[in-house]
1. Scan (1) over 28 Å from the mean Cα position of the chain (by Cα); (2) in a strand (DSSP E or B) for the single condition residue 290 breaks and write down its number.
2. Hey, can you tell me all the residues within region 417-451 that are of a type in the set (Val, Ile, Thr) and at pLDDT 90 or above?
3. Among what's in region 102-118 and is under 26 Å from residue 201 (Cβ atoms) and surrounded by fewer than 22 Cβ atoms within 10 Å (Cβ to Cβ), pick the residue that is modelled with the lowest pLDDT.
4. Failed condition for residue 180, given (1) surrounded by fewer than 19 Cβ atoms within 10 Å (Cβ to Cβ); (2) modelled with pLDDT of 70 or more; (3) aliphatic (A, V, I, L, M), with all others met?
5. Can you tell which of 312, 341 is open to solvent by less than 20 Å² (accessible area, probe 1.4 Å), farther than 19 Å from residue 467 by Cα, of a type outside the set (A, V, I, L, M, F, W, C) and at pLDDT 90 or above?
6. Residue check, residue 376 against (1) within 24 Å of residue 468 (Cα to Cα); (2) at pLDDT 90 or above; (3) open to solvent by 20 Å² or more (accessible area, probe 1.4 Å), all met but one. Which one?
7. Among the candidates 458, 442, which residue alone is closer than 30 Å to residue 278 by Cα, surrounded by 12 or more Cβ atoms within 10 Å (Cβ to Cβ) and of a type in the set (S, T, N, Q)?
Amino acid sequence: FFLSRLEIRPRAVATMPAKLGPIWALLFVPGVLGWVGHTSYGASSRRTRAAPATLSGQEAASAAASPDKAAEAAALARELEAAWQEALESGSGASGAGAKLLRELLAPACKWDGDSESLGGAAVIEKSLAGTGGFFEDAKFAFTSFELASEDAAEEPEQGGGLPFGLQLPKNPFAGDEGADSGTVATETWVAEWTFSGSWPLPWRPRARLCGAALITTTVPDAETGGRKVLSVLDQWRAPSGGLDLINSQVAPRAVDMLNVYSSPHAERVPMAKLGGAKGYDLYEVPAHACLKVTLRLDPAESEWDKENLQGSFLPDHAFWEPLKFRGKYGDEYVTTSPLGVCVEAEAPEAATKATRRLLTWTVPLPTALCPGTDLGSCLAPLPELSGLADDVKSGKVGLEYAVVPKRRLACAAFGAEDTVSDEASKARRDLLDAVRRDGGNVRTSAASGRPKFELLNFETKLGWSPVTKGFHMAVYAATPPLFPKANLIAIELLD
């Protein structure tokens with residue numbers, strides 16, 4: 001009975017009897033990890049990097065770009081994003097038109113340089129992208145940032161020009177060619193951040209989620225048609241940091257899943273790029289991502305229920321859509337994400353009736369199958385009306401909205417519990433803050449209280465989304481056994 005309850009989702013092991021699926025999966029794990037690391041990953045993850053697989057956020061991009069250039073960047077990003085996505089879908093047969101958009105955008109001699117390989121020629125790049133889309137199920141790609149590289153970066157390419165992670169502006173591959181007038185091809189270089197996701201073809205359907213940065217060199221718009229060609233792409237994969245990190249953090253079955261008799265699906269995790277560490281904490285960069293933001297104001301002096309729920313371990317009822325159905329032969333399908341972010345802030349003095357009032361904020365990551373990037377458009381379901389909480393919504397006691405969490409640098413310390421108000425949590429926050437300040441770090445403070453703003457990243461909670469309704473329906477709370485490493489993180493954002 002225990003093993004049979006480990007089945008991940010109704011169609012995860014469709015080629016074998018449902019009761020044998022979990023047993024087969026457990027026996028298959030050692031072999032598949034070796035195969036993935038040696039063959040699948042070696043071949044296909046390089047293809048993943050060939051997909052717009054890199055770029056880090058561009059602080060060096062021109063902050064004072066003209067409105068025209070900003071609009072031009074947004075239009076080009078949409079065009080490139082659509083072309084990459086169509087090329088991925090052509091590999092799985094989802095795009096009947098093939099990679100038509102990509103062929104129109106890439107110059108015939110376009111070069112694509114990534115961390116592990118270099119690709120030359122538009123046809124080779126198209127084939128690589130199609131191969132990636134054919135390997136991964138429901139592959140998704142999106143830009144999370146796209147800007148024109150700054151003039152300072154162009155003037156000092158040997159020093160990285162202030163570009164992130166040592167990226168250097170590529171030389172114009174057509175410089176010196178005979179042109180109609182000037183003898184060279186005029187180019188522009190764009191700095192982009194991207195995210196790629198796709199489900200591995202394994203019985204438990206782990207969804208890999210990668211982020212990176214890229215420098216994309218294009219021709220200037222044609223005077224007659226307004227079109228442009230992509231001449232080169234310089235890629236950098238940011239997170240996970242490599243093959244072993246990808247398998248360990250996103251692909252391999254997790255102990256919590258194997259011990260959890262409720263058989264919830266393998267969670268898709270927001271990638272975190274480890275930048276380094278110091279005594280008492282590790283430093284991570286978390287890319288921009290879409291989330292569901294849930295808020296609740298509590299006054300523990302006014303209500304015993306408020307006092308009991310102040311730690312924020314459980315999401316409030318108004319965060320969820322209607323319940324899913326699990327009775328019968330086939331239950332409702334759902335996917336899960338992680339981690340759940342929990343932040344407790346003291347209420348602003350001028351807005352609070354009592355000094356003990358607190359604002360709790362939960363951030364629930366959206367699955368990339370519903371929202372690949374940070375565009376909160378029509379792909380998302382309408383929020384619940386909360387008609388029974390009209391007074392609380394009006395007073396600001398409860399809140400629910402889609403939001404984008406910006407790219408952040410976080411100092412994090414391992415934490416074994418899921419609460420935020422215990423003595424253990426208070427000590428963990430003090431120790432983390434002391435370690436960061438010891439190293440001269442500047443931390444973000446709460447707009448409400450002016451105090452350092454901490455957040456609990458709860459990896460033990462899995463957040464269930466329906467691909468049918470596109471809504472958030474459930475949360476699975478599971479505690480990591482004591483013998484396992486601490487699963488959660490206490491985090492604080494660092495400012496430049």
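The values are calculated or read from the model by the stated rules, or taken from the named source; none is laboratory data. Quick caveat: nothing in here was measured; it's all calculated off a predicted structure. As a convention, Cβ positions derive from the backbone with ideal geometry for all residues, glycine included, and neighbour counts pool all protein chains shown. The accessibility values were calculated without ligands, DNA or RNA, using every heavy atom of the protein model including side chains. Shrake-Rupley method; radii C 1.70, N 1.55, O 1.52, S 1.80 Å.
1. Every condition holds for residue 290 apart from (1).
2. Within region 417-451, 436, 443, 445 qualify.
3. Initially, region 102-118 is screened for residues under 26 Å from residue 201 (Cβ atoms), giving 102, 112, 114-117.
After this cut, where a residue has to be surrounded by fewer than 22 Cβ atoms within 10 Å (Cβ to Cβ) as well, the list is 115-117.
Numbers: 115: 71, 116: 64, 117: 72.
Taking the candidates together, the pick is 116.
4. Result: residue 180 passes all but (2).
5. Exactly one of 312, 341 is open to solvent by less than 20 Å² (accessible area, probe 1.4 Å), farther than 19 Å from residue 467 by Cα, of a type outside the set (A, V, I, L, M, F, W, C) and at pLDDT 90 or above, namely 341.
6. (2)
7. The conditions single out 458.
Here's the yes/no breakdown for (1) under 11 Å from residue 492 (Cβ atoms); (2) within 25 Å of the chain's Cα centre (by Cα); (3) in contact (Cβ under 8 Å) with a residue 60 or more places away in the chain:
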| site | (1), (2), (3) |
| --- | --- |
| 416 | no, yes, yes |
| 420 | no, yes, yes |
| 443 | yes, yes, no |
| 448 | no, no, yes |
| 454 | yes, yes, yes |
| 460 | no, yes, yes |
| 471 | no, yes, yes |
